[in-house]
Amino acid sequence: MQQYSVITENLNKSFDVDSVLKNLDLKIIKGEIMAIVGPSGCGKTTTLRLIAGFEQPDKGKIILGDTIVADEKTFLPPEKRGVGMVFQDFALFPHLTVAENISFGIKSKDKEKIREEVDSLLELVALNNLGDRFPHELSGGQRQRVSLARALAPKPDLILMDEPFSNIDADTRLIIREEVRKILKKLKTTAIFVTHDQEEALFMGDRLAVMNEGELEQIGTPENVFQQPKSRFVAEFMGNTDFIPGVISKKGIKTEIGELEQRINLPIGTKIDIAVRFDDLKLKKSKKPNAIVLARHFKGSMNIYRLQLPSGNILHAYAKHTKTIELGKFVKVKLDPGHDLACFIGEKAL
Amino acid sequence: MKTKRPSLKSVFVLWIPSILITLGILLPLIYLVIRAYDANIDAWSLLLKSSTIKTLGRTVWLAVWVTLFSILVALPLAWLTTRSDIPFKRMWAILTPLPLVIPSYVGAYLLVSMLGPRGMVQQWLEGSLGISRLPEIYGFPGALYILTVLSFPFILLSIRSSLQRVDPSLEEASRSLGNNAWQTFWKVIFPQLKPAILTGSLLVVLYVLRDFGAVSIMRYNTFTRVIYIQYQSSFDRSTAAILSLVLVSLTIIILIIKQVSQNRAIIERSDSKNTRPPPIIPLGKWRWPALIFCSSIVIVTLIIPGSNLIYWVLRGVQAGEKIGNLWEATQNSILASGLAAVLILIAAIPIAIISVRYPNKLSGMIERTTYLSFALPGIVVALALVFFGSNYVSALYQSLPLLLFAYLVLFLPEAVGSVKTSLQQINPNLEEAARSLGSQPFRVFQKITFPLVRPGLVAGFGLVFLTTMKELSATLILSPIGYKTLAIGVWDAVSEAFFARAAAPALLIILISSVPLALMTFRKERKY
């Protein structure tokens, strides 16, 4: 049987009249990193605050390990939950040194032991020798690591991270991200990680939970969520996606930019929408063009072209960084995914 | 975002004390209303008597003129000390608000001791030129002069902080559209200063309405003086109660206007995100007139009163004034102010916490009620408590606890304000972080919240200590028989025109009440 670190059942929360969470069911496996991702206001931070015990659910149950920490009758305060929290603004205690911050949550009275533990945590987050500094003397990335070390110090069963990288400069963010993931994996800590950045979620999460308007849209491995979005929202949110209409044909799916050989169990003639990602398309110069170039975004390592089809539909396609096509030129665009594409009727995936 | 339901513990530790303190503050006011209600018809007809109307007229008249003169002094001074290249700018900026530490009765005493009938100038002129009468300074001119000198810094400070926040790009835009510096000031800057001028002016008006010391020494019959005379001469409590209520209604109206105008000022300012410091404008040939202006303000408001005070202290020493009395009065003053500051700070903490951490209708109401104190003149609170004490709890009548309670009623909002400001600067995530690291709420307060608000508590203590030290009217009426403080020492001596005897306690009040101010000003800047 799977061992779960966190289970939420039918979790509901509203502020005044705004319903922020609706019937959230979430199961987090021991030792995994769960990335909760979604646009702002989707309820991801509220989920975290409910699990931490900073908010009380209106309805539903939260189980940490095998303890019920919140339901109709129970409400365990945050200090009794054994959950570590890393805040978006780090929330380091400004009047305490780095070492004092880290040791704040260590229960032991033995000074020598505390010092050893703080030292080993400093080493873990690669901040040796900075124990006597004050938080305002550190860079953003260093504060982030102190905040992680502080959350890890009481050896919590679960770490919660609320947009932990959004206050760090873009160039250090990638490095810190990798380090944090490595540390969490090394300690085999269960972690829930909240972000609005889908790329960050894909990198950090062993699994991803995509949320929208207080509800769980999809949960699964990064590859699964990216490649098989269950809804139009997920496909759009995970990025780089356009939709074009298609009709089921004998061979597969007919679209205005060619036929796709993909079997779908639907009667011939059924109208569907196909999610086309930027890399599923090929651009060619041709005497029989089917699209006009509206814009080019030169990204350095590649080009992204915005194309308009005769029907008026807009598509985006990657091209090599050496492939420069002028605006207003006609080109031939072809579907060339090499794998099945996600298809939708209405909002739901097939 | 937060909707923490108040826990049972917080109800006992925070909410119940806050509510009790608030009710305590309302007590004097409620009692006055009851007294006035009990009054016979005669007392009510007094409301419409010509003398009451005249008192009202005099009070308003004085407030209006003091405000106008204060604006005239404060506006150029504020601009010169923030936006010009006047030499010694920092020095002027520090010196010009200093008259605020001079209590009004000390200011008035210094004026009378210099220009009054038995004053320094009179004696000198009589000796050398044989002039035996100077123009009368008592009444309106003296009151106007001394209150302007002492209260213009309210407007000065308000305009200064507003001038420092004006978005410099607005000025640049105006200049690029063809306006010169003078036109830019009146078309672009001045309109933005209006809320600050209004806020500062209302503070000045409140100061004048609540003042007892200066108008009494200058013998100008505004409400506070008339109420005191009523109380002393006739013991006609209902009349004094009704006059007090009229005065309080007036101050409450002013207070409400101030709150409303302040809220609007915040909205007007909120869209500016520019943090560039505003540009400095060179004075050129106006440098000398500007310097003369600043120096004369400092000479008139600080140097002349200061040297006058020292002159009388020296004369007192020559005349053999007893120092022993002074020592006892100093101890009494420090004891009463110190106790009051501690008490008021303790009372302020729960109110500040609920208003910052549990914002809701009740906590808003509690906080607004504490601000009511700004509208209560000391004399009114003192009278209400005298009546209440002598009628219901005679054991407390003219006792130190009752005096401390009066101070609580009068000065609580200052303490709430400074505790609240420092609480607001603490990121609430810090408290949550500490909770998630396994600390109980009390330990969080002890280890995180308290160390971080400590500077605010120290500032609040200093502020309350300073104001209590200077307080005259409540101290005069409520202090236990034989309990002499420095303020009472000055008052008694001045009442009998013993100018030399008043000098030493006056100097001590200024010195002692400057200590916390200096500490606050020169305290090490907080690093975080």
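Assorted remarks:
- Qualifying residue in the range A:105-115 (condition: of a type in the set (A, V, I, L, M) and over 30 Å from the mean Cα position of the chain (by Cα)): yes
- The combined condition, being among the polar types (S, T, N, Q), under 15 Å from A:Ile244 (Cβ atoms) and assigned by TED's automatic domain parsing to the domain that holds A:Arg277, is fulfilled by A:Ser311.
- Yes/no for B:Pro451 being touching a His at 6+ places or on another chain (Cβ under 8 Å) and either within 14 Å of chain A (Cβ to nearest Cβ) or charged (D, E, K, R) (or both): yes
- Residue match in the range B:130-148 (condition: more than 18 Å from the chain's Cα centre (by Cα), among the hydrophobic types (A, V, I, L, M, F, W, C), modelled with pLDDT of 90 or more and over 26 Å from B:Met469 (Cα atoms)): yes
- Residue satisfying condition, being part of a helix (DSSP H, G or I), away from chain A (no Cβ under 14 Å) and under 28 Å from B:Val226 (Cα atoms), within set B:Leu396, B:Leu403: B:Leu403
- Exactly one residue out of A:Lys111, A:Lys30, A:Lys22, A:Lys107 is more than 14 Å from chain B (Cβ to nearest Cβ) and either without any contact (Cβ under 8 Å) to a residue 60 or more places away in the chain or of a type in the set (S, T, N, Q) (or both): that is A:Lys111.
- Extreme residue, surrounded by the most Cβ atoms within 10 Å (Cβ to Cβ), among residues of the range A:320-350 that are in contact with a Lys or Arg (Cβ under 9 Å, 6 or more places away or on another chain), free of Cβ contacts under 8 Å to residues at least 60 places away in the same chain and part of a strand (DSSP E or B): A:Val331
- For first residues located in the range A:268-286 and loosely packed, with under 14 Cβ neighbours inside 10 Å, partners that are of a type in the set (Gly, Ala, Ser) and lie 6+ apart or on another chain with Cβ distances below 7 Å form the pairs A:Ile268/A:Ser249.
- Residues satisfying the stated conditions in the range A:232-261, i.e. out of contact with any Pro (no Cβ under 9 Å at 6 or more places or on another chain), under 18 Å from A:Ala35 (Cα atoms) and surrounded by 15 or more Cβ atoms within 10 Å (Cβ to Cβ): A:Phe233, A:Val234
- Flag if A:Val98 is free of Cβ contacts under 8 Å to residues at least 40 places away in the same chain and within 14 Å of chain B (Cβ to nearest Cβ): no
- Single unsatisfied condition, A:Gly300 versus (1) in contact with a Lys or Arg (Cβ under 9 Å, 6 or more places away or on another chain); (2) assigned by TED's automatic domain parsing to the domain that holds A:His339; (3) not in a strand (DSSP E or B): (1)
- Any hit, the range A:65-73, residues being closer than 30 Å to B:Leu452 by Cα, more than 10 Å from chain B (Cβ to nearest Cβ) and hydroxyl-bearing (Ser, Thr, Tyr): no
- Matching option when the condition is farther than 22 Å from B:Gly213 by Cβ and assigned to a loop (DSSP other than H, G, I, E, B), among B:Ile86, B:Ile30, B:Ile34, B:Ile53: B:Ile86
- Failed criterion for B:Pro441 (all others in (1) away from every other protein chain (no Cβ under 14 Å); (2) surrounded by fewer than 24 Cβ atoms within 10 Å (Cβ to Cβ); (3) under 22 Å from B:Leu20 (Cβ atoms) hold): (1)
- Top-ranked residue of the range A:146-160 - restricted to ones that are in contact with a helix residue (DSSP H, G or I) (Cβ under 7 Å, 6 or more places away or on another chain) and within 11 Å of chain B (Cβ to nearest Cβ), ranked as surrounded by the most Cβ atoms within 10 Å (Cβ to Cβ): A:Arg150
- Close pairs from the range B:420-442: first more than 14 Å from A:Arg49 (Cα to Cα), partner charged (D, E, K, R), Cβ under 6 Å, at least 6 apart: B:Gly438/A:Glu79; B:Ser439/A:Glu79; B:Gln440/A:Glu79
The values are calculated or read from the model by the stated rules, or taken from the named source; none is laboratory data. Keep in mind it's a predicted model, so treat the numbers as computed, not measured. Every residue, glycine as well, gets a Cβ built from its backbone with ideal geometry; the counts of neighbours run over all protein chains shown.
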